[in-house]
Amino acid sequence: MSTTGKINVQTENIFPIIKKFLYSDNEIFLRELVSNAVDATQKLKALNSMGEAKGELGDIKIEVEVDKSSKTITIKDKGIGMTKEEIEKYIAQIAFSGAEEFVNKYKDKVDKNVVIGHFGLGFYSAFMVAKKVEIISLSYKEGAKAVRWECDGSPEYQIEEINNRTQRGTNIVLHIADDCEEYLEKFKIEDLLKKYCKFLPVEIKFGTKKDWVDQGEKDDKGEPKKTEIEVDNIINNPNPTWTKKPADLKDEEYKAFYREMYPMQFEEPLFHIHLNVDYPFNLTGILYFPKLSNKLEMPKDKIQLYCNQVFVTDNVENIVPDFLTLLRGVIDSPDIPLNVSRSYLQADSNVKKISSHITKKVADKLEELFKKERADFEKKWDDIKIFVQYGMISDEKFYDKASKFALLKTTEGKYFTFEEFENHVKSVQTDKDNRLIYLYANNIQEQHVYIDAAKSRGYEVLLMETMLDPHYINHLEQKLKDISFVRVDSDTIEKLIKKDDNNISKLSEEQQKELKPIIEGAINKEQFSVMFENLSEKDSPMLITRPEFMRRMKDMNQMGGGGAMGFYGNMPEMYNLVVNSNHPLISKILSETDKEKQNSLTKQAADLALLSQGLLKGESLTNFIKRSVEMI
């Protein structure tokens, strides 16, 4: 006998709301329905283990079938099933979660995380793609009768007992709407199953596939004989690596799982972190450190967020701190709600706690590697420093932890912690104002002459070559006490670290005034400012320097930034042409009476300075080469 009923909702328009607003993407209907099938199966396994469900479990695979001719998708499980009363209770009363009631009933007997308990409205996502939905179910309970429920997307439904089902479990049959027929393509459904259900804890069958089995015999060539057979196409891995205990896993198993997650990544990860927390929240997962380039590029293969092995999203920006998105791997927590918007996730208190915990675990792991395997940590530093720097800039708590293991690398390839480097250079690189000067270069080849000059004074030069370094340097200057970073080409060697013992000039002020217009005639006055410095005779006759403030603002502007960064960053390039008033060549230029020869010497000295900074190009470079040949 068939009866009708009305779904118990507050509004007649519940289905349009579900279709348009509850979920951001209608493809997740498959995730919801397959996850419900997993719930029903997990409940049965739990009841069976407690002796409350009699008989053998048998084959408990979940099956997904697509019938293009009848325009249906069917999700079949052999789980707990439902009686007529249960369907009317759990399906007709939308806001009631059967999973939550199950947990409450058996909370002292079964782990709540066995049940995916965050769905509630999940079943009704079926109406995002279906014009009619059928439920055909038989409860595991002794004497239960099979039942069929049908609804066409209006609040009215029909329900009846049937006699043609003898197998325990539930079939959900979706009659696909005309505007959603793309979901009748088998490749589309298989892609969605692999995306959302790849690691669900019950095997999911989607059709069959060809496989070869060994017959136990050999052919004429001594090769094993094989026969092609059809086998179930199981699309998921029910026991992914992150669900296992770290003590039971070997390094190769972690690497194998990385290849399973990211089959297009050919480089091995540097190392991994296995997350395994059960208090004050439940969290498991594995995070991998990939090799990072010096450019701050977000990887295409992101961290994947799961809820009890159900895929939620790989768009974890603003859910975890930005710098963690440079990693790859899996985060799984039943404390992360599934069916909500990303903006809700950002505000969720559990998500915030989980985010903070992951940050701490990552910092702890890096500190442990640094302390236990310093040499190996140094080898990997160039591949992870972008990640560490980004974290230190953007997260205060991570900075506090990372400041113990973050490294500074010199142009000679030596590595120092902040404390080690300060002790290493303070006796030589402290200026007259008792401020410690950290000299650095961002390109060893282009700035070699300046690095060489610094080394000749006994100074140590750091290599700061990533595009994030300008911001990182600014951040460290705010954090470290009485420290300034100065690039080696930002001033003359005597002024990089200001001491009291300046050289005396061999040129008088009158001679400098006489020489200045001659030198200005050899350069572009709009781009270069001529200034005289009392340097050593061993230093170059002319040098190009770039003021630290302006150059750093420009570098930071390339990474994005408004205010002063944007203002100074958009100004034209400006350089100083520093004339070494103590170099013999400068005195020779001043005393040269042949104007043509004087101009040639001046131009040659200025071009050498430009060449050392890579600023001599085009026609100017051609003329320099010709002039050099003539002089030789």
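The values are calculated or read from the model by the stated rules, or taken from the named source; none is laboratory data. Everything numeric here is computed off the predicted structure, so don't read it as measured data. Note that we place each Cβ from the backbone using ideal geometry, even for glycine, and neighbour counts take in every protein chain shown.
Please work out if residue 455 is under 30 Å from residue 597 (Cα atoms) and over 33 Å from the mean Cα position of the chain (by Cα).
Judged against the criteria, residue 455 is not a match.
Please list, ordered by residue number, the helices (runs of 4 or more DSSP H) wholly in the stretch 441-539 having 3 or more residues that are among the charged types (D, E, K, R). Before you say what the answer is, go through the steps one by one.
Working: elements: 448-456, 469-479, 493-496, 509-520.
Because the criterion is at least 3 residues that are among the charged types (D, E, K, R), the helices (runs of 4 or more DSSP H) in the stretch 441-539 that meet it are 469-479, 509-520.
Could you list all residues from the stretch 586-632 that are of a type in the set (Asp, Glu) and under 29 Å from residue 505 (Cα atoms)? Walk me through how you get there before you give the answer.
The initial filter retains those residues of the stretch 586-632 that are of a type in the set (Asp, Glu), namely 592, 594, 596, 607, 619, 630.
The answer is 592, 594, 596, 607.
When the residues of the stretch 433-464 are narrowed to those that are of a type in the set (Asp, Glu) and at pLDDT 90 or above, which ends up nearest to residue 385 (Cα to Cα)? Steps first, answer last, please.
So the first thing to find is which residues in the stretch 433-464 are of a type in the set (Asp, Glu), and the list is 433, 446, 452, 460.
Going one step further and asking which of them are at pLDDT 90 or above, we end up with 452, 460.
Values: 452: 26, 460: 20 Å.
Once the filter is applied, the top-ranked residue is 460.
Cβ contacts < 9 Å: first residue closer than 15 Å to residue 467 by Cα, restricted to the stretch 378-398; second residue among the β-branched types (Val, Ile, Thr) and not in a helix (DSSP H, G or I), any location; separation 6+ or different chain. Result?
Final answer for the pair search is 385/466; 386/466; 389/466.
Test residue 63 against the stated conditions and say whether it is modelled with pLDDT under 95, of a type outside the set (A, V, I, L, M, F, W, C) and not in a loop (DSSP other than H, G, I, E, B). It would help to see each step written out before you state the result.
Numbers: modelled with pLDDT under 95: no; of a type outside the set (A, V, I, L, M, F, W, C): yes; not in a loop (DSSP other than H, G, I, E, B): yes.
No; evaluated as a whole, the condition is false for this residue.
Does residue 421 meet the test of being within 16 Å of residue 464 (Cα to Cα), part of a helix (DSSP H, G or I) and modelled with pLDDT of 95 or more? Can you show your working first?
Values: within 16 Å of residue 464 (Cα to Cα): yes; part of a helix (DSSP H, G or I): yes; modelled with pLDDT of 95 or more: yes.
Yes; evaluated as a whole, the condition is true for this residue.
Sort through 622, 593 and tell me the only one that's over 27 Å from residue 453 (Cβ atoms) and more than 50 Å from the chain's Cα centre (by Cα).
Values: 622 fails: more than 50 Å from the chain's Cα centre (by Cα).
Of 622, 593, the one residue that is over 27 Å from residue 453 (Cβ atoms) and more than 50 Å from the chain's Cα centre (by Cα) is 593.
Let me confirm something: among 186, 205, which residue is within 20 Å of residue 310 (Cβ to Cβ) and under 35 Å from the mean Cα position of the chain (by Cα)? Can you show your working first?
On the way: 186 fails: within 20 Å of residue 310 (Cβ to Cβ).
Result of the check over 186, 205: 205.
The rows are residues; the columns are (1) loosely packed, with under 12 Cβ neighbours inside 10 Å; (2) modelled with pLDDT of 95 or more; (3) closer than 21 Å to residue 126 by Cα; (4) not hydroxyl-bearing (Ser, Thr, Tyr).
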residue: 2; (1), (2), (3), (4): yes, no, no, no
residue: 30; (1), (2), (3), (4): no, no, yes, yes
residue: 39; (1), (2), (3), (4): no, no, yes, yes
residue: 42; (1), (2), (3), (4): no, no, no, yes
residue: 53; (1), (2), (3), (4): no, no, no, yes
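Restricting the search to the stretch 388-401, which residues are part of a helix (DSSP H, G or I) and either crowded, with 20+ Cβ neighbours inside 10 Å or at positive phi (or both)? Please lay out each step first, then the result.
At the first step, the residues of the stretch 388-401 found to be part of a helix (DSSP H, G or I) are 388-394, 396-401.
Matches in the stretch 388-401: 388, 389, 390, 391, 392, 398.
How many of the residues in the stretch 235-268 are surrounded by 14 or more Cβ atoms within 10 Å (Cβ to Cβ) and more than 18 Å from residue 331 (Cα to Cα)?
Result for the stretch 235-268: 2.
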